1. Can you find, within the stretch 163-195, the residue that is farthest from Cys146 (Cα to Cα) among those that are open to solvent by less than 30 Å² (accessible area, probe 1.4 Å) and touching a strand residue (DSSP E or B) at 6+ places or on another chain (Cβ under 7 Å)?
2. Can you name every residue in the stretch 105-137 that is of a type in the set (Asp, Glu) and either in contact (Cβ under 8 Å) with a residue 40 or more places away in the chain or open to solvent by 70 Å² or more (accessible area, probe 1.4 Å) (or both)?
3. On the basis of being assigned to a loop (DSSP other than H, G, I, E, B) and among the hydrophobic types (A, V, I, L, M, F, W, C), does Phe124 make the cut?
4. Is the stretch 39-49 home to any residue that is open to solvent by less than 90 Å² (accessible area, probe 1.4 Å) and either touching a Leu at 6+ places or on another chain (Cβ under 9 Å) or at pLDDT 85 or above (or both)?
5. Report the residue count in the stretch 138-162 for those that are in contact (Cβ under 8 Å) with a residue 60 or more places away in the chain and either open to solvent by 50 Å² or more (accessible area, probe 1.4 Å) or not in a strand (DSSP E or B) (or both).
Amino acid sequence: MTGRAKDKAGKNRIKDFTRRDFLMGGGAVLVADSLAHAAAPPQAKASYAPSQGYLVYDSRKCAGCVTCMLSCSLVHEGKENLSLARIQIAQNSFARFPDDIRMAVCRQCVTPLCVQNCPTGAAFVDGANGNVRRIDPGKCIGCKTCIQSCPHQPNRTVWNPFTKKSMKCDLCLDTPYWNEKGGPFGKQACVEVCP
């Protein structure tokens, strides 16, 4: 490798860099960078009260009938539409049992990145209802930051293509088309209809 360097007279000259020179210089840069980060004060992490409820499913018993998805969209949106379900069933025909069916439902993360990164506060922890992580559709501006922030694949926050807003499982706290009390201590439509 070659590089330019100035001699004592200020004239440019070409200097040969050996692999050892390159590695030593690169190592010095890495050490300086790590020391700079170690010396920086740690950023305060927001702490959240743990959610008092979340959905659990047994993939060995799931038949993949998507009844849970249909009931979810019906009680929340008033119509049966798989794309409006706040939970998703993923079927993989090539996987072996019990990994051939997976349910994607909000895990009510201890440190919810969707809540931390939401620019409007639409994603929030509902302290009055068991600390459930929810999305307020009135505050959601449709930026999809919560979807992009979700560390799980597929994302547990779902996009509603009709309202152009994000939505996620709220354990049936806000179900305008169902006459049951939901939340961590109530009933969830998907649990009630699962055969």
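1. Here the answer is Gly183.
2. Of everything in the stretch 105-137, just one residue is of a type in the set (Asp, Glu) and either in contact (Cβ under 8 Å) with a residue 40 or more places away in the chain or open to solvent by 70 Å² or more (accessible area, probe 1.4 Å) (or both), namely Asp126.
3. On the way: assigned to a loop (DSSP other than H, G, I, E, B): no; among the hydrophobic types (A, V, I, L, M, F, W, C): yes.
Against the criterion (assigned to a loop (DSSP other than H, G, I, E, B) and among the hydrophobic types (A, V, I, L, M, F, W, C)), Phe124 does not qualify.
4. Pass one, the stretch 39-49, residues open to solvent by less than 90 Å² (accessible area, probe 1.4 Å): 39-40, 46, 48-49.
Filter again for either touching a Leu at 6+ places or on another chain (Cβ under 9 Å) or at pLDDT 85 or above (or both), leaving 48-49.
Yes, because at least one residue in the stretch 39-49 is open to solvent by less than 90 Å² (accessible area, probe 1.4 Å) and either touching a Leu at 6+ places or on another chain (Cβ under 9 Å) or at pLDDT 85 or above (or both).
5. Narrowing the stretch 138-162 to residues in contact (Cβ under 8 Å) with a residue 60 or more places away in the chain: 154, 158, 160-162.
With the extra rule that they be either open to solvent by 50 Å² or more (accessible area, probe 1.4 Å) or not in a strand (DSSP E or B) (or both), the set shrinks to 154, 161-162.
Of the residues in the stretch 138-162, 3 are in contact (Cβ under 8 Å) with a residue 60 or more places away in the chain and either open to solvent by 50 Å² or more (accessible area, probe 1.4 Å) or not in a strand (DSSP E or B) (or both).
Results for (1) of a type in the set (S, T, N, Q); (2) in contact with a helix residue (DSSP H, G or I) (Cβ under 7 Å, 6 or more places away or on another chain), shown as yes or no for each residue.
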| residue | (1), (2) |
| --- | --- |
| Gly64 | no, no |
| Ser71 | yes, yes |
| Ala90 | no, no |
| Phe94 | no, no |
| Asp100 | no, no |
| Thr120 | yes, no |
| Gly127 | no, no |
| Leu171 | no, no |
| Asp174 | no, no |
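Residue-by-condition table, conditions (1) in a loop (DSSP other than H, G, I, E, B); (2) at pLDDT 90 or above; (3) touching an Asp or Glu at 6+ places or on another chain (Cβ under 9 Å):
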| residue | (1), (2), (3) |
| --- | --- |
| Cys65 | yes, yes, no |
| Leu74 | no, yes, yes |
| Ser93 | yes, no, yes |
| Gln108 | yes, yes, no |
| Pro119 | yes, yes, no |
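The values are calculated or read from the model by the stated rules, or taken from the named source; none is laboratory data. As the structure is a computational prediction, the values presented were derived from the model and not from experiment. Note that we place each Cβ from the backbone using ideal geometry, even for glycine, and neighbour counts take in every protein chain shown. Calculation scope for accessible area: heavy atoms of the full protein, side chains included, ligands and nucleic acids excluded. Shrake-Rupley method; radii C 1.70, N 1.55, O 1.52, S 1.80 Å.
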